[in-house]
1. Would you check if residue 64 is outside the structural domain of residue 396 (by TED's automatic domain parsing), part of a loop (DSSP other than H, G, I, E, B) and farther than 18 Å from residue 173 by Cα?
2. Look through 155, 180, 119 and report the one residue that is farther than 22 Å from residue 268 by Cα, outside any helix (DSSP H, G or I) and assigned by TED's automatic domain parsing to the domain that holds residue 256.
3. Going by the conditions given, is residue 289 more than 18 Å from residue 327 (Cβ to Cβ) and either buried (at least 24 other Cβ atoms within 10 Å of the Cβ) or at pLDDT 95 or above (or both)?
4. Can you name the residue in the stretch 192-205 that is closer than 20 Å to residue 99 by Cα and in contact with a helix residue (DSSP H, G or I) (Cβ under 6 Å, 6 or more places away or on another chain) and is also surrounded by the most Cβ atoms within 10 Å (Cβ to Cβ) among such residues?
5. If we scan the stretch 151-169, do we find a residue that is without any contact (Cβ under 8 Å) to a residue 40 or more places away in the chain and touching a strand residue (DSSP E or B) at 6+ places or on another chain (Cβ under 6 Å)?
6. Looking only at residues that are assigned to a helix (DSSP H, G or I) and in contact with a helix residue (DSSP H, G or I) (Cβ under 7 Å, 6 or more places away or on another chain) in the stretch 93-111, which one is modelled with the highest pLDDT?
7. Going through the stretch 393-420 one residue at a time, which ones are without any contact (Cβ under 8 Å) to a residue 60 or more places away in the chain and more than 22 Å from residue 263 (Cβ to Cβ)?
8. How many residues are in a loop (DSSP other than H, G, I, E, B), over 25 Å from residue 187 (Cα atoms) and at pLDDT below 90 when one looks only at the stretch 403-441?
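The values are calculated or read from the model by the stated rules, or taken from the named source; none is laboratory data. What you see is a predicted model; the values in this text were computed from it and never measured. Note: ideal-geometry Cβ built from the backbone for every residue, glycine included; neighbour counts use all protein chains shown.
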């Protein structure tokens, strides 16, 4: 059975085109691998119609419309993604959207972390509060919608866990079948359980994430399967809406810095794209610096910038307990380099100990996150030390996943089962952050003593 093209006859695409990020070739349709027909590089979605109007005059209207939709009871308006549909690929009607009311995630102040870092205006935009517990939902609602709109029955992804959970949920919601390729033994069972429960055909492959992605790209060329990894530009269109929502929450006053975890680099690319679009449309006048933080053991972008000045990707054999960013061959690296250059951002890395410490510090705020999200706080500390971030600036950390995405990491950290080989000074520093469970006799005296001991600590 031949696979339908990504741009099926019933999909009207008059409002946007696909453009190659390298040679700038444009097309009304995209191949199943979402790569340029001329040079083979990745595609992005652009909107030529924006140049037909004096778009800056529309900024006030857009803000007003987005605000009004917050009080609407319609499904599209209750979505924190489709509420911003004026800047997304257009649908023929509202019923076409596959939505779980994604987006609408909180912007938290971080008073404890603000005191410890010396940055009073420190915030966290918590994308882990999405329906399946990660930022992936904001992109999946758009990509799954256009997969169904184009006539596909099957969608597929390679995943370190969060993408598979999100894709499986949106496929189930939209009446689609889903295929998940994950590296065996290298993702959290919490994430894997989600794709199982949502009905996906889940294959654990004896390879890493990059091997899963390579196999998926071969599969979509020979089978009627629609790829939903972040190389799919519809994914990034949905994910960019977190920036619209963030700026709206900040009353359209841009922060000085936005700090994002770096894995396959689709999310940083999407947020950067949104910032550039908002400036083009007159929604913001100042450009925040967008910085990307990676784990030391999965630092392909860091090495690419340091060793080749961003001209050639340096692949790495990824290894980190922050499984959501355990990616050594990031597909969207060129897009991320462009965003860093366009916004004046930085790229740093964090060690496993620094990630664990930062995760515990965010947890002490009462909000929590998965390990990959915590690289943002760990990276902020380094950027402060380098004076790239100044204490009087406003900083927003993008937390991409929920605490419950990787409970094993949390339990092992608090029980002291991590970093046993670390030197004494390191473990002394971590001990103040650990809160291991206490096993006691079931007596009032035992519990009272525990309470008194905790009061002294």
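1. Numbers: outside the structural domain of residue 396 (by TED's automatic domain parsing): yes; part of a loop (DSSP other than H, G, I, E, B): no; farther than 18 Å from residue 173 by Cα: yes.
The answer is no for residue 64.
2. Values: 155 fails: assigned by TED's automatic domain parsing to the domain that holds residue 256; 180 fails: assigned by TED's automatic domain parsing to the domain that holds residue 256.
Of the residues listed, the single one that is farther than 22 Å from residue 268 by Cα, outside any helix (DSSP H, G or I) and assigned by TED's automatic domain parsing to the domain that holds residue 256 is 119.
3. Working: more than 18 Å from residue 327 (Cβ to Cβ): yes; either buried (at least 24 other Cβ atoms within 10 Å of the Cβ) or at pLDDT 95 or above (or both): yes.
In short, yes.
4. 195
5. Of the stretch 151-169, the ones without any contact (Cβ under 8 Å) to a residue 40 or more places away in the chain are 164-166, 168.
Adding the requirement that they be touching a strand residue (DSSP E or B) at 6+ places or on another chain (Cβ under 6 Å) leaves 164, 168.
Checked against the condition, which is being without any contact (Cβ under 8 Å) to a residue 40 or more places away in the chain and touching a strand residue (DSSP E or B) at 6+ places or on another chain (Cβ under 6 Å), the stretch 151-169 yields at least one hit.
6. Initially, the stretch 93-111 is screened for residues assigned to a helix (DSSP H, G or I), giving 94-96, 111.
From the residues that got through so far, the ones that are in contact with a helix residue (DSSP H, G or I) (Cβ under 7 Å, 6 or more places away or on another chain) too are 94, 96.
Working: 94: 92, 96: 95.
Among them, the one singled out is 96.
7. The initial filter retains those residues of the stretch 393-420 that are without any contact (Cβ under 8 Å) to a residue 60 or more places away in the chain, namely 410-417, 420.
Result: 411, 414, 415, 416, 417, 420.
8. 2
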